[in-house]
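Structure first, commentary second.
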Amino acid sequence: MVSSMASKVFKLIAEEARRQKYGLEMIPSENYVSSNVLRALGSILTNKYSEGFPGRRYYGGNEVIDKIENYAQDLAKKLFGVPVALVQSYSGSPANMAITMAVCNPRDIVMGLSLSSGGHLTHGAHLSFSSIFYTAVNYSVGKDWKIDFEELETLAKKHKPKLIWVGTTAYPFKLDYKKFRKIADMVDATLVADISHITGLIIGGVHTSPVPDVDIIMTTTHKTLRGPRGAIILVTERGLARDPEIKAKIERAIIPGIQGGPHNHQTAAIAVSLEEALRPSFKKYAIAVAKNAAVLAKELGTVSETHLILLSLTKYGYGMGYQAQYALEEAGITVNKNTIPGEPASPFYPSGIRLGTPALTSRGMKEEDMVRIAGWIKRVLEEIKGLDLPKKQEERKDFLKEVKEKIHENKNLKQIRKEVEKFAGKFPVPGIQ
Ligand code: DSN
């Protein structure tokens, strides 16, 4: 038998553990799961095939798996206050595909927030299944970066979508589900909320729940909910009244429509994270995530009503997102480059970064720590001044190579990294010594 320590993979996991412990993980869709979530995820449940649903499996030997999946469904129903919960989708994109298949026929019209306004690929973006197999119409945000409901209403009335998505991935404001409902009702569309980014904030009472206003909800489980990678689909009372067959339609879309056997270890880990989210301590966590984001945003000269900050870097130069992401990474701070509304540069080399507080808050960092972190971020951003993206596309390849070398050799960034590592190393990470 090969010892686990002899495997190259475990050496690489140790390398990644070091990165996760000594760096500041600020991608707003990431988090640190608890030791119990890790235990369930790494369990023998991965050995079992269980196509179908509890009580209706294609293979034998699923007595315990049925109990686990029923338990996960019950916890989700209790946590969100809905009559139906399905926990088998491998992740957010297949879950959104299952919902779309259940609600629409191929070519039907689906409407969602455009990617450049902070939407999601599966809500009707170019090259996604949602615009290849369905007819996608995108609404957007206005000059104030907030959803333009006038445009949404005009587009809805013109195109009469079958499904309207309300959900975001880079939107720092609260959502008004009632306004979406009103427009969906005008055109008799099914309203689906993709709350993946803000689930934890909804559970914590920081954001309003969409349950009273939408028909179906999808959330990934690995973001602010702090579970394993995966997704949950919920149907509300309103959704069931609209279509009493909707649960069966979504189930059929999941299997045999899209997936095969469920990932039972993942289902169990989702159940563990739902148990954790039902505890009073989770509410405290969610409130702290939002407080930390508000402080961080203020320190960086912007606002956040959520867990994330979308920071325009136009004051530092043209097309600075990539340079900022790379420089911050060199300094031990992980964020992602992001387009900003009305993107003046390019989707590949955009003008902003997206960063957030869910993972830092899970490590116990507080508001005063956000002030310190904002200080490091501002110091890093000073170092990229003058490294503007060339306007001519053909000059970009060489430019990016040179920029990476320059940033890599920058002594001030190396100094910041030392300070960041000393600071971050003091905060524990579950599952990492
Ligand atoms: N990739 C996710 C995010 O980072 O927001 C969305 O699916």
Inset, instruction - For the range 266-300, enumerate the residues that are under 29 Å from Leu310 (Cβ atoms) and β-branched (Val, Ile, Thr). - result: Ile270, Ile287, Val289, Val295
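Look through Val235, Val206, Val211, Val192 and report the one residue that is in contact with a helix residue (DSSP H, G or I) (Cβ under 8 Å, 6 or more places away or on another chain), under 19 Å from Met97 (Cα atoms) and more than 16 Å from the ligand (Cβ to nearest atom).
On inspection, the qualifying residue turns out to be Val235.
Within the range 271-293, is there a residue that is among the polar types (S, T, N, Q) and in a loop (DSSP other than H, G, I, E, B)?
From the range 271-293, those among the polar types (S, T, N, Q) are 273, 281, 292; that's our starting set.
If we keep only those that are in a loop (DSSP other than H, G, I, E, B) as well, we get none.
Within the range 271-293, none of the residues are among the polar types (S, T, N, Q) and in a loop (DSSP other than H, G, I, E, B).
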Inset, instruction - Would you please name the residue that is most open to solvent (accessible area, probe 1.4 Å), looking only at residues in the range 201-227 that are among the hydrophobic types (A, V, I, L, M, F, W, C) and over 25 Å from Met26 (Cβ atoms)? - result: Val211
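It is to be established whether one or more residues within the range 37-56 are among the acidic types (Asp, Glu), out of contact with any Gly (no Cβ under 7 Å at 6 or more places or on another chain) and over 27 Å from Leu278 (Cα atoms).
Initially, the range 37-56 is screened for residues among the acidic types (Asp, Glu), giving 51.
Next, from what is left, pick out any that are out of contact with any Gly (no Cβ under 7 Å at 6 or more places or on another chain): none.
Within the range 37-56 (the criterion being among the acidic types (Asp, Glu), out of contact with any Gly (no Cβ under 7 Å at 6 or more places or on another chain) and over 27 Å from Leu278 (Cα atoms)), the answer is no, since none of the residues qualifies.
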Inset, instruction - Go through the residues of the range 146-161 one by one and say whether even a single one is touching a residue at least 12 places away in the same chain (Cβ under 8 Å), away from the ligand (no atom under 16 Å from the Cβ), under 19 Å from Glu305 (Cβ atoms) and hydrophobic (A, V, I, L, M, F, W, C). - result: yes
Legend entry - Flag if Ile132 is in contact (Cβ under 8 Å) with a residue 24 or more places away in the chain, more than 21 Å from the chain's Cα centre (by Cα) and open to solvent by 10 Å² or more (accessible area, probe 1.4 Å): no
Inset, instruction - Among the residues of the range 244-295, write down those that are open to solvent by 20 Å² or more (accessible area, probe 1.4 Å), in contact (Cβ under 8 Å) with a residue 40 or more places away in the chain and acidic (Asp, Glu). - result: Glu275, Glu276
Legend entry - Cross-chain or 6+ apart pairs with Cβ under 6 Å, the range 15-38 first and over 17 Å from Ser196 (Cβ atoms) and open to solvent by 20 Å² or more (accessible area, probe 1.4 Å), then away from the ligand (no atom under 16 Å from the Cβ) and assigned to a helix (DSSP H, G or I): Tyr22/Glu421; Tyr22/Ala424; Asn36/Val272
Inset, instruction - Would you confirm whether any residue within the range 178-186 is assigned to a loop (DSSP other than H, G, I, E, B) and either farther than 21 Å from Ile232 by Cα or within 16 Å of the ligand (Cβ to nearest atom) (or both)? - result: no
Legend entry - Unique match (being of a type in the set (A, V, I, L, M), buried (at least 20 other Cβ atoms within 10 Å of the Cβ) and within 22 Å of the chain's Cα centre (by Cα)) among Ala193, Ala184, Ala189: Ala193
Legend entry - Those residues of the range 133-186 which are farther than 16 Å from Ile340 by Cβ and either at pLDDT below 95 or among the polar types (S, T, N, Q) (or both), in sequence order: Thr135, Asn138, Thr154
Inset, instruction - State all residues of the range 382-419 that are in a helix (DSSP H, G or I), open to solvent by less than 50 Å² (accessible area, probe 1.4 Å) and closer than 21 Å to Tyr22 by Cβ; if no residue qualifies, say none. - result: Ile407, Leu413, Ile416
Legend entry - Output for the range 104-124, where each listed residue is in a helix (DSSP H, G or I) and either more than 13 Å from the ligand (Cβ to nearest atom) or open to solvent by less than 10 Å² (accessible area, probe 1.4 Å) (or both): Ser116, Ser117, Thr122, His123
Inset, instruction - With the condition kept exactly as written, say whether any residue in the range 403-414 is out of contact with any Ser or Thr (no Cβ under 7 Å at 6 or more places or on another chain) and within 27 Å of Ala290 (Cβ to Cβ). - result: no
Legend entry - Residues of the range 62-103 classified as open to solvent by less than 40 Å² (accessible area, probe 1.4 Å), within 16 Å of the ligand (Cβ to nearest atom) and among the aliphatic types (A, V, I, L, M), total: 3
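Restricting to the range 19-40, name every residue that is in a helix (DSSP H, G or I) and closer than 20 Å to Pro228 by Cα.
Arg19, Gln20, Lys21, Ser35, Asn36, Val37, Leu38, Arg39, Ala40
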Inset, instruction - Test Ile198 against the criterion of being within 16 Å of the ligand (Cβ to nearest atom), closer than 29 Å to Leu360 by Cα, open to solvent by 10 Å² or more (accessible area, probe 1.4 Å) and of a type outside the set (S, T, N, Q), and give yes or no. - result: yes
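Could you please find all residues in the range 214-232 being within 16 Å of the ligand (Cβ to nearest atom) and either at positive phi or part of a loop (DSSP other than H, G, I, E, B) (or both)?
Listed by number, the residues that qualify are Thr221, His222, Lys223, Thr224, Leu225, Arg226, Gly227, Pro228, Arg229, Gly230.
The values are calculated or read from the model by the stated rules, or taken from the named source; none is laboratory data. Quick caveat, the model's predicted, so the values are computed rather than measured. Every residue, glycine among them, receives a Cβ derived from its backbone with ideal geometry; neighbour counts consider all protein chains shown. Just so you know, the surface numbers come from the protein's heavy atoms only, side chains and all, with ligands and any DNA or RNA stripped out. Shrake-Rupley method; radii C 1.70, N 1.55, O 1.52, S 1.80 Å.
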